[in-house]
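Asks: Mind having a look at this structure? Questions to follow.
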Amino acid sequence: MLDSKKGIIMTGAVIGFLAVALVFLGNPVNMGVCVACFVRDIAGGLGLHRAEAVQYLRPEIMGIVLGAFFMALSKKEFQSKGGSAPFTRFALGFVAIVGALMFLGCPLRMVLRLGGGDLNAAMGLAGFAVGIGVGIFFLNKGFTLKRNYRLIELEGYLFPALNVGLLILLVAAPAFIFFSTKGPGSMYAPWTLSLAAGLIVGALAQRTRLCMVGGIRDLVLFKDSYLILGFISILIAALIGNLIFGFFKLGFLGQPIAHSDGLWNFTGMALTGWASVLLGGCPLRQLILAAEGNADSVVTVCGMLAGAAFSHNFGLAASAAGASGDGKIAVILGLILVLLISYSNSDKKVKIEFREGVGEHVR
């Protein structure tokens, strides 16, 4: 059932409702679930950056990974594989988060912000769609990061095991783990409920292949509305939930953990959308793929973690006051890098076939 249109609509509705419920239980408004923001908080919790307002080991992330992992195991869809342009994927994950933190949210939070009445997210959505459109242009030009390969089983289990370790650190709270006492990092639902919500989101996203990027990409490329129905369902459920709980606030100004600089909301999400198309999925989808044993997506998530830490160590992330000068430069450089990656890996006329076990190729 979950792989049907009814299934993905139900999945979107559940995720949208859970996101609002987590806000009611303590998470920041319009940030019930945000992969970019939560990865940033985890980076801070581990001491990879020292922005005191955004440091917390978010159990939603661990839950998403473990929920997808157990679901993949139960459905015999877990498979260790990797080896497809690892450093390129790291770089794309890095710049995708730089773009997301310019906007102040991943594609999932963009939808949740829209559902909360934040009209700044509409500019983000426009940029996101444009970025995906540019990525699709290069897909049609033959863009590929080449194939991956089967790996030993242990390789696939390491990432879920790492998330179990993070969960243990959250509960044990040793002195070397950082916890915010103010700002968004100090706002969180009880960890047990956050973990439970993450497990549900991860399991459902694994079964339905939910992806914010994939929805628009598949609609444009294949006229397939399956994934975008999940996108729309999250929006509607979040809107209804915000109206019920009284979190809805329509407008551009005074929105929670957001800024109203339309140009950089647009540009940041354009970078995230473009990079995500090349990676084959949004930040949420990368977590799910990593949980299924895909080491390439694990490398991408590591790039996301590094990008989040770098953004806050060097003042690249935006704030409620707007985009920083260094952040604007970083986004422009990110767009240039993604353009170079797109061009260098695209060739519609030349087909390269790698011979098994041999480093040479033929044209």
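The values are calculated or read from the model by the stated rules, or taken from the named source; none is laboratory data. All of these numbers come straight from a predicted model, not from anything done at the bench. Positions of Cβ are generated from backbone atoms using ideal geometry, with glycine treated the same way; all protein chains shown enter the neighbour counts.
Asks: Cβ-Cβ under 7 Å, sequence separation 6+ or interchain: first residue in the stretch 156-168 and among the polar types (S, T, N, Q), partner part of a helix (DSSP H, G or I). Which pairs?
Replies: Pairs that qualify, where the first residue is among the polar types (S, T, N, Q) and the partner is part of a helix (DSSP H, G or I), are N163/M62; N163/V65; N163/L66.
Asks: Identify the single condition in (1) closer than 28 Å to L335 by Cα; (2) under 17 Å from the mean Cα position of the chain (by Cα); (3) of a type in the set (S, T, N, Q) that Q206 does not satisfy, given that it satisfies every other one.
Replies: (1)
Asks: Given (1) farther than 22 Å from R113 by Cα; (2) of a type in the set (S, T, Y); (3) within 18 Å of the chain's Cα centre (by Cα), where does T267 come up short, assuming only one miss?
Replies: (1)
Asks: Ok, one more. Please verify whether the stretch 166-175 includes one or more residues that are modelled with pLDDT of 95 or more and under 30 Å from S4 (Cα atoms).
Replies: Initial filter on the stretch 166-175 (modelled with pLDDT of 95 or more): 166-175.
Keeping just the survivors that are under 30 Å from S4 (Cα atoms) gives none.
No, the stretch 166-175 contains no residue that is modelled with pLDDT of 95 or more and under 30 Å from S4 (Cα atoms).
Asks: Separate question: Among the residues of the stretch 227-235, is any in a helix (DSSP H, G or I), touching a Leu at 6+ places or on another chain (Cβ under 9 Å), of a type in the set (V, I, T) and under 29 Å from V130 (Cβ atoms)? Reasoning before the result, please.
Replies: In the first step, residues of the stretch 227-235 are kept if they are in a helix (DSSP H, G or I); the result is 227-235.
Filter again for touching a Leu at 6+ places or on another chain (Cβ under 9 Å), leaving 227-228, 230-231, 234-235.
Keeping just the survivors that are of a type in the set (V, I, T) gives 228, 234.
With under 29 Å from V130 (Cβ atoms) added as a condition, the list becomes 228, 234.
Checked against the condition, which is being in a helix (DSSP H, G or I), touching a Leu at 6+ places or on another chain (Cβ under 9 Å), of a type in the set (V, I, T) and under 29 Å from V130 (Cβ atoms), the stretch 227-235 yields at least one hit.
Asks: Right, something else. Looking at F78, F94 in this structure, which one is assigned to a helix (DSSP H, G or I) and touching a residue at least 60 places away in the same chain (Cβ under 8 Å)? Write out each step before concluding.
Replies: Details: F78 fails: assigned to a helix (DSSP H, G or I).
Just a single option satisfies the conditions, and that option is F94.
Yes/no per residue for (1) in contact with a helix residue (DSSP H, G or I) (Cβ under 6 Å, 6 or more places away or on another chain); (2) closer than 22 Å to A19 by Cα:
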| residue | (1), (2) |
| --- | --- |
| K146 | no, no |
| A173 | no, no |
| P184 | no, yes |
| R209 | no, yes |
| M212 | yes, yes |
| I216 | yes, yes |
| A237 | yes, yes |
| F245 | yes, yes |
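Asks: Considering only the stretch 131-151, state which residues are in a loop (DSSP other than H, G, I, E, B) and farther than 14 Å from S344 by Cα.
Replies: The initial filter retains those residues of the stretch 131-151 that are in a loop (DSSP other than H, G, I, E, B), namely 141-148, 151.
Those that are in a loop (DSSP other than H, G, I, E, B) and farther than 14 Å from S344 by Cα: R147, N148, L151.
Asks: How many residues, within the stretch 116-147, are touching a strand residue (DSSP E or B) at 6+ places or on another chain (Cβ under 7 Å) and either among the charged types (D, E, K, R) or at pLDDT below 95 (or both)?
Replies: Count: 0.
Asks: So, one more: Which of the residues that make up the stretch 312-328 are part of a helix (DSSP H, G or I), small (G, A, S) and surrounded by fewer than 21 Cβ atoms within 10 Å (Cβ to Cβ)? I'd like the intermediate steps shown before the answer.
Replies: Residues of the stretch 312-328 part of a helix (DSSP H, G or I): 312-313, 325-328.
Narrowing further to those that are small (G, A, S): 325, 327.
Passing the criteria: only G325.
To keep it simple, each residue is scored yes or no on (1) of a type in the set (K, R); (2) surrounded by 18 or more Cβ atoms within 10 Å (Cβ to Cβ); (3) under 20 Å from L108 (Cβ atoms).
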| residue | (1), (2), (3) |
| --- | --- |
| T272 | no, yes, yes |
| I288 | no, yes, yes |
| G293 | no, yes, no |
| F310 | no, yes, no |
| A330 | no, yes, no |
| I341 | no, yes, no |
| S346 | no, no, no |
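Asks: Six or more apart or on different chains, Cβ under 7 Å: which pairs go from a residue in the stretch 319-330 that's without any contact (Cβ under 8 Å) to a residue 40 or more places away in the chain to one that's surrounded by 12 or more Cβ atoms within 10 Å (Cβ to Cβ)? Could you list them?
Replies: Note: pairs meeting the criteria are S324/G315; S324/L316; S324/A318; D326/F314; D326/G315; D326/L316.
Asks: In addition: So G32 clears everything in (1) over 17 Å from the mean Cα position of the chain (by Cα); (2) not in a helix (DSSP H, G or I) except one condition, right? Which one?
Replies: Of everything listed in (1) over 17 Å from the mean Cα position of the chain (by Cα); (2) not in a helix (DSSP H, G or I), G32 misses just condition (1).
Asks: Just to be sure I understand, how many residues within the stretch 36-75 are surrounded by 23 or more Cβ atoms within 10 Å (Cβ to Cβ), out of contact with any Leu (no Cβ under 8 Å at 6 or more places or on another chain) and assigned to a helix (DSSP H, G or I)?
Replies: 4
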